[in-house]
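To start, the structure under review is shown below, and the notes come after it.
The numbers here are math on the coordinates, done by the rules we state, and not lab data. From a predicted model like this one, the values you see are computed outputs, not experimental measurements. Cβ placement follows ideal geometry from the backbone for every residue including glycine, while neighbour counts extend to all protein chains displayed.
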Amino acid sequence: MKKSNKYKIYWILTVGLLAVNIAEFLIINSISVPNNTEISIQNVPEVSGQYLLKEVEGCPNKIAGNPNALLKIKYFYNDLCPYCRQEAPILDKLISKRGDLLYIEMFDTDKCREDSIKAGVTTIPFFVFEANGESNSGGGFVKEEDLENFICRVTQGC
């Protein structure tokens, strides 16, 4: 391969990754939250102050958090995806810490192909955020701090 072709490929990959990061930032910062939003938590399964991640039959494969929460997240992953494996402990920690403020449904893209197509999954990990009747989605790894800040801003509960 010519040296100039290597640089072209490197440039294309760099621009692509930059575009994904910009899209992720725009998606996470685009859900608006009315100032008078109240959060009501009732009849939510809780064990030792933590909302548990539960495996369920069908799709989604796993659920966690408060089903009555203002913020709903659909998370698409694959066990072979290295970025998904990095995202998993972050999500586990956020569920443990902020499970009362969100409800998350996790979809394995191999087992939930129809749901993945319907959600417009183009890369994994992939998120669909729903709050206040709005829905935004995007793919790529999201840092713990960014996710937690987003959860706190949208729910106004931190």
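General remarks:
- Cβ crowding within 10 Å ranks Glu134, Glu145, Glu105 as Glu145, Glu134, Glu105, fewest other Cβ atoms first.
- Extension reserve of the Lys111-Asn132 stretch, reckoned as 0.36 nm per residue once the Cα distance is removed: 4.7 nm
- For the range 58-107: rounded, prolate or oblate by the Cα gyration tensor [a/c cutoff 1.5]: oblate
- Which of Val142, Val56 has the fewest Cβ neighbours within 10 Å, and the rest in rising order: Val56, Val142
- Length-normalised contact order for the range 67-106 - Cα pairs under 8 Å, 6+ apart - percent: 71
- Gyration tensor verdict on the range 76-143 (Cα atoms; rounded if a/c is under 1.5, prolate if a/b is larger than b/c, oblate otherwise): oblate
- Fewest-first sequence of Asp146, Asp100, Asp110 by Cβ atoms within 10 Å of each Cβ: Asp110, Asp146, Asp100
- Karplus (6.51, -1.76, 1.60) ³J(HN,Hα), θ = phi - 60°, over the range 117-124, in Hz, Gly and Pro reported as x: 5, 4, 7, x, 5, 10, 8, 10
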